[in-house]
Amino acid sequence: MAVGAIMLIVDPQNDFIEGGSLAVSGAQKAMQALADFITPHPDLFGKIFVTQDFHPEDHCSFTEQGGTWPKHCVKDTFGAEVFAPLKAALDKCPDVVYCKKGQSKDRDQYSIFDIQNSEITNDDGKKIQEYIKNIDKYFIFVTGIAGDVCVLNTLKDLIQFADKKSIAVYRNFTASLDGGQKLEDFCEENSIIIFSLDKK
Ligand SMILES: [Zn+2]
């Protein structure tokens, strides 16, 4: 029987970090903390999935195309790259899969699974779903940016096919535009564990 701990890191990209075009307050601290956590334990997680917003130049979510957000995470630019200290930590881990989303010009994808209203159409999302379905016991740790947007939507989709009791969120390794309230409320409503590593 296969047993696994999975880490799902949502959009740990330069544009969402201080200095980026759609910066989330506290993101640098959170992603550095995540890098520092992973570095001494490269084998802790059997598998790590990293999602990346990866938009075309004229993506529909950008304000200049009538969308909600400033231009961000344009594919093959610095803004779309994974935060360098975290990438360095991940490079030492044995099994990391990078998954791209938001690549279609006319459609936004807050979640890699993108199954809110229809069946999954995204190959990378399918890959993660298949993996989770095919291991008997697992625990999924969810982290990333932004807690109230892409992390929240990823969780909403994840609970459609994964056991809520097998999901946990690391508070220290997420950063939210709203300070974290929506993510905490969602976790509470769905009995998803929120871990905090704060030492008090
Ligand atoms: Zn985006």
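The values are calculated or read from the model by the stated rules, or taken from the named source; none is laboratory data. Every value quoted in this text rests on a predicted model; they were computed, and no experiment measured them. Quick reminder, even Gly has a Cβ in these numbers, built from the backbone with ideal geometry, and neighbours come from all protein chains shown. Side chains included, ligands, DNA and RNA excluded: accessible areas come from the protein's heavy atoms. Shrake-Rupley method; radii C 1.70, N 1.55, O 1.52, S 1.80 Å.
Relative contact order of region 3-195, taken over Cα pairs closer than 8 Å and 6 or more residues apart, is 26 percent.
Shape call for region 144-200 from the C-alpha gyration tensor, a ≥ b ≥ c root eigenvalues: rounded (a/c under 1.5), prolate (a/b greater than b/c) or oblate?
Note, shape of region 144-200 comes out oblate.
Extension gain, S191 to E81, is 36.3 nm, computed as 0.36 nm per intervening residue step minus the present C-alpha separation. With the simple model of a label 7 Å out from the Cα in the direction of the Cβ, E64 to A5 spans 4.4 nm.
Classify region 1-141 as rounded, prolate or oblate, taking a ≥ b ≥ c as the square roots of the eigenvalues of its Cα gyration tensor: rounded when a/c is under 1.5, otherwise prolate if a/b is larger than b/c and oblate if not. Judged from the Cα gyration tensor, region 1-141 comes out oblate (a/c at least 1.5, b/c at or above a/b).
Our estimate of slack between K133 and S21, defined as 0.36 nm per intervening residue step minus the Cα-Cα distance, is 36.7 nm. As a fraction of the 1.4 Å probe accessible area of the chain, surface on carbon and sulfur atoms comes out at 48 percent.
Can you compute the FRET efficiency between I159 and V97 using 1/(1 + (r/R0)^6), with r the Cβ-Cβ distance and R0 = 22 Å? Round to the nearest 0.05. Walk me through the intermediate numbers first.
On the way: r = 21 Å, r/R0 = 0.94.
It comes to 0.60.
As a quick test, which of the pairs K29/K100; K47/K156; K47/K101; K126/K164; K29/K126 have an alpha carbon distance above 29 angstrom in this structure?
Violating the 29 Å limit, Cα to Cα: K29/K126.
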